[in-house]
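A.B. asks: Got a structure for you, questions after.
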C-alpha cells in the first residue's frame, strides 16, 4: 500500500496502524469496562465486576503499549528531526494527559487491591471506574487540543480528531487504518475474555446465577 | 619506483580520508533508524508491541499454571 509522502514523517507514517490503533482499542476496551461497571451497580452481580476489571486491565496494557510506541515515534520525528528540546517534549500536553489517564487507571487497580471485602471492593471500584473513564476525555482528548501541542490534532494544525476527520487522514491510510483498529480491538477483547474465563473458573463457588 | 608509488598511494588515500571527514558537516553516527525513509522506526514500534504482547500473554500463562496447581 502506498502512503502519503511527507517530510519528517517519511515512512514512519505507517506507525498510524500500530500506535494510534493501540489508543483506539484502549478507548473501546475502557468503554466496555465502564458498561460492565454500570451493569454491576445496577444489579450487584459479581460476574459483571470480573468483566469490568479484566477489560480495564487489557485496556491499560494497550495504553502502556501506545505510550511506549509513541516515545519511539516521537524520538525520530519530534526530538531529533524537528529539533525540539527535551524541555518542550516534557511540557507536551498530550504526553502529560496520557500519563495522567494511565495513572488514574493504575490507581483503579491499587484501589481494588486494597480491599479485603469482595462486595465493597466491587462496588467502590465500579464507581471509581466510571470516574476514571470520565477523566479520560479531558486529559487525552480535550486539553491537548485546547493548548498548543506537537501531537496531531493541536489547534495550530487541523482541528478535531485527526484520525477520524475525513478531510485530514488520507483515504489510502484509512483503508488499512480502520480494519487495523478492528483487528487490534478484537485481539484485546480475546485476551480479556481469556482472563475473564480464568477468573470465572476460579470464582465458580462465589458466583451463583 | 614502487616505493614511491606506495608512498603516493598512501598520501592520496590519507588525504582523501581526511578530506571526506572534513567534507561531512554532520558526523555519521548510528543512523539506521533514519535509513530507508525511517521504515525502521515502524519496525521498532512493531517489535515493541509484539514483545509487550508476548510478555503479557506469558504472565497470564504463568497465572493459569499457578491456579492449575491449586485446583
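Just so you know, all these numbers are worked out from the coordinates, no wet-lab data involved. None of these values were measured; they are calculated from a predicted model. Neighbour counts are summed over all protein chains in view; Cβ atoms, including those assigned to glycine, are modelled from backbone coordinates with ideal geometry.
A.B. asks: Over the range A:10-202, what is the relative contact order in whole percent, taking alpha-carbon pairs under 8 Å and six or more residues apart? Working shown, then result.
C.D. replies: Details: 192 pairs, mean separation 61.1, N = 193.
For the range A:10-202, the relative contact order is 32 percent.
A.B. asks: Enter the mean number of other protein chain beta carbons within 10 Å of the beta carbon of each residue in B:43-53, as an integer.
C.D. replies: Mean number of neighbouring Cβ atoms from other chains: 6.
A.B. asks: For the range A:14-110, what's the relative contact order in percent, using C-alpha pairs closer than 8 Å and at least 6 residues apart?
C.D. replies: With pairs under 8 Å counted, the relative contact order is 28 percent.
A.B. asks: Rank the residues A:208, A:19, A:151 as a footprinting-exposure proxy: fewest other Cβ atoms within 10 Å of their Cβ go first.
C.D. replies: A:208, A:151, A:19
A.B. asks: Here is a further query. Which ordering of B:33, A:22 is given by a fewest-first count of other beta-carbon atoms within 10 Å?
C.D. replies: Ordered by Cβ neighbours within 10 Å, fewest first: B:33, A:22.
A.B. asks: On average, how many beta carbons from a partner chain sit within 10 Å of the beta carbon of a residue in A:64-73?
C.D. replies: 4
A.B. asks: With a 10 Å radius around each residue's Cβ, average the other Cβ atoms per peptide and rank A:84-90, A:181-187, highest first.
C.D. replies: Answer by packing, highest mean first, reads A:181-187, A:84-90.
A.B. asks: When chain A is modelled as a GNM with alpha-carbon springs shorter than 10 Å, which of A:48, A:83, A:129 fluctuates the most?
C.D. replies: Comparing A:48, A:83, A:129 in the GNM, the peak value goes to A:83.
A.B. asks: Okay, moving on. Sort A:20, B:57 by Cβ crowding within 10 Å, fewest neighbours at the top.
C.D. replies: By the 10 Å Cβ count, ascending: B:57, A:20.
A.B. asks: Looking at the range A:11-127, what % of the alpha carbon pairs are farther apart than 26 Å?
C.D. replies: Numbers: 2215 of 6786 pairs.
Of all Cα-Cα pairs in the range A:11-127, 33 percent lie more than 26 Å apart.
A.B. asks: Here's another thing I want to ask about it. Taking only Cα atoms and a 10 Å spring cutoff, compute GNM fluctuations for chain A and point out the largest among A:149, A:171, A:60.
C.D. replies: Judging by the Gaussian network model, the answer is A:171.
A.B. asks: Could I ask something else about it? By how many nm would the segment from residue A:7 to residue A:197 lengthen if fully extended, with 0.36 nm per residue of separation less the alpha-carbon distance?
C.D. replies: 63.7 nm
A.B. asks: OK, next. What spacing in nm lies between the two simple spin-label points modelled at residue B:32 and residue A:137, each 7 Å away from Cα in the Cβ direction?
C.D. replies: For residue B:32 paired with residue A:137, the spin-label model returns 4.6 nm.
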